[in-house]
1. Could I get the Rg over Rh figure for segment 256-331? Both from C-alpha atoms, Rh via Kirkwood, rounded to two places.
2. Please report the antiparallel percentage of DSSP beta bridges with both residues in the chain, rounded to the nearest 5.
3. How would you order 82-92, 440-450, 374-384 from highest to lowest mean count of nearby Cβ atoms within 10 Å?
4. Just flag the GluC sites (Glu not before Pro) in segment 190-261 sitting in loop per DSSP whose Cβ has no more than 12 other Cβ atoms within 10 Å.
5. How large is the direction-averaged shadow of the alpha-carbon convex hull of segment 153-212, in nm²?
6. Take the cross-link list Lys466/Lys494; Lys26/Lys46; Lys197/Lys630; Lys157/Lys325 and give me the ones stretching past 23 Å between alpha-carbons.
7. Using Cα pairs closer than 8 Å and at least 6 residues apart in sequence, work out the relative contact order for the chain, in percent.
8. Glu85 to Leu256: extension gain in nm, 0.36 nm per residue of separation minus the Cα-Cα distance?
Amino acid sequence: MKIVSQGCTLDCFDACRLKVHVENNKVIKIEGDKEHPFTKGFICNKGRAHLDRLNHPDRIYNPLLKIDGKWEEITFDKAIEIMAEKLNFYRDKYSSQSVMYYEQYGNGGLLKSIGDIFFNFYGGVSKQKGGPCWSAGIKAQTYDFGDVRGHSLEDMKNSKNIFIWGKNPAYTTIHTMQILQNAKLNGCKVIVIDPIKTSTANIADYYIQINPGTDGALAMAMAKIIIKDNLCDEDYIDSYVIGYEEYKNYLDTLELDYLSKECGIELDTIKELVKLYVQKYSSIWLGYGMQKYRNGGNTIRAIDALGAITGQIGYSGGGINYANKVYPSILNTDPYCSYIYAQNREFYVHKLSEFIDNSTKCTVNNGDNVALKMAVIVKSNLLNQLPNLNKLESSFDKIEFKVCFDMFMTDTASRCDLFIPCSTTLESEDLLYSSMCNPYITYNEKAVEPMSKLMDEYYFFRELAKVMKINNYPQVSKKEYLSKVIEPLKVVDKSINLDKIKNGYITIHKSIPWEDKKFETTSGKFELYSSKVKSLGITPIPTYIEPKKIRKGEFRLITTHHRETLFSQHYMDKKGISKAYINENMAIIRKIADNEIVSLQSENGKINVQIVIDNNVKDNIVQMHVGWWKKHGNPNFITSSNVSDLGGQVTYNETFVDIIKQN
């Protein structure tokens, strides 16, 4: 038996370091690396499920071509021949931008995104910007701080009080949950703010059930009280903050009673939150649900402002922690400079349907109006995860030729014309890092061989480039490619190489970001007033934008992550119908019984669900978990495809539904 080192490539905060046990080219067991400073030996069921997916009976191992509506098995050589012919034809007739390349978060391995590099060398394509996950908050913190950095989890133990705001670590980041529990033993108070009483809220000292989409109102109410009661850190503001007076003047235009009513929290409770937060040093840890509203970017900026005006940024135990982008700006993720060959056009994710509809109407290359003829989908089940799927399915079908790389016949793959089976993380040599929490970089050893070498996207696109005679494409080994990627790390440690990453525990993360108070903004200070935001035609200070209001008889649909799945990977084998959660009060008013089958209907469509009565859910809310497939009743067939104020964020939580009894 041999044991190889891997990291979990799921789109997760923790990116756990794994020990993979292999015998006779078969993976026997996956466990956490007990020596790893972050993972510490324990992982979740989602990580263990890599083994289930590796050997799943429905996994596809050979390329498939759809002929007359039916899938027929073909060879990898034939698949490459078909792709080469299509890509050459569409580029020559319509331009390379007639091809859409779409990837998202299905696998965090760096080389799993080699398609992005390939299509740069191809000449550039149509690519998305914005996103379904965290983009509003990333933009907000970039405007405020100049970059997005987080404290180490261990530093949480140094906090007087810990605010878990719109985040459910019990389900989404188990190592954060462990540190939280340890911090409580050290005397830290834990405050959870969330419209859903989550499993994390159950361990909190204080639980605040806020109205959905009004987190900015709460942050601004707290800021007004902090200023009124002279609880600001004036020295910190004078030295390190720009825009305080402008923000203070704006807050003066807002009444506390209005903000209190907006967020649904009594004024006395807000004052108690202020007392807890101004005890230095207290930290805030943000989730990604609160910015999936039209005010998402301003919400994050308003919470960032709390740290700035109280002088709690750049100190142990403090900080506003949203993400932790340690490596993207340091690693050379495009070591062969593919970008110089690319002329890409971009579209916002929330406008994907409109982009396809408008582009497929074009018949010739006419400046910016390039016809869209082909789509290549990698690392994404977009016809499961994106909103308003009835409309998106209809638009997607208009694209002449569609290719999907996946392990399984997903909802997206089933509507494509060519299916390319891909390797799992266990069959791939790669490099992994998280930009959310875990600050360690991981080298993924290949545990077992895939059925075909060309199932690995790195080798598939390398061979495709060779067949297409794409000049300057790097026909090199993975090790040579990855060695160039990590070359910039030698500035920190001259001895760093792939073997050192593989055999050791490497991080360049500083556990307390902004400790020198040198922010990466234009001014070098924390920017409450951002000239970059102003240049977008948006108010340069954080402002409160009301979320869309519920009309009488409606429910707001909020989609969250379940403990057992990330997106759609782990719901494939679920039996029966999807579940939706409402509280007992709402069930009585609507005369709905527990486990009753009902329809949820929005302006975009209708799905059938099984109602589960759960008093952890606030009034006028329907909660569902993301990941259900079309066969179950996927909530994204009823979600709305609108956009946040910053970052092109899809605003899933601005969806309103009616509950319709079936008998």
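1. Values: Rg = 14.5 Å, Rh = 14.1 Å.
Checking Rg against Rh, the ratio lands at 1.03.
2. Numbers: 39 of 83 bridges.
Here the antiparallel bridges make up roughly 45 percent for the chain.
3. 374-384, 440-450, 82-92
4. Glu255
5. 3.6 nm²
6. Lys466/Lys494; Lys197/Lys630
7. Result for the chain is 21 percent.
8. In short, 55.1 nm is gained.
The values are calculated or read from the model by the stated rules, or taken from the named source; none is laboratory data. This is a predicted model, so every value here is computed, not measured. Note: ideal-geometry Cβ built from the backbone for every residue, glycine included; neighbour counts use all protein chains shown. When the accessible area is computed, the model is the full protein with side chains, heavy atoms only, and any ligands, DNA or RNA have been set aside. Shrake-Rupley method; radii C 1.70, N 1.55, O 1.52, S 1.80 Å.
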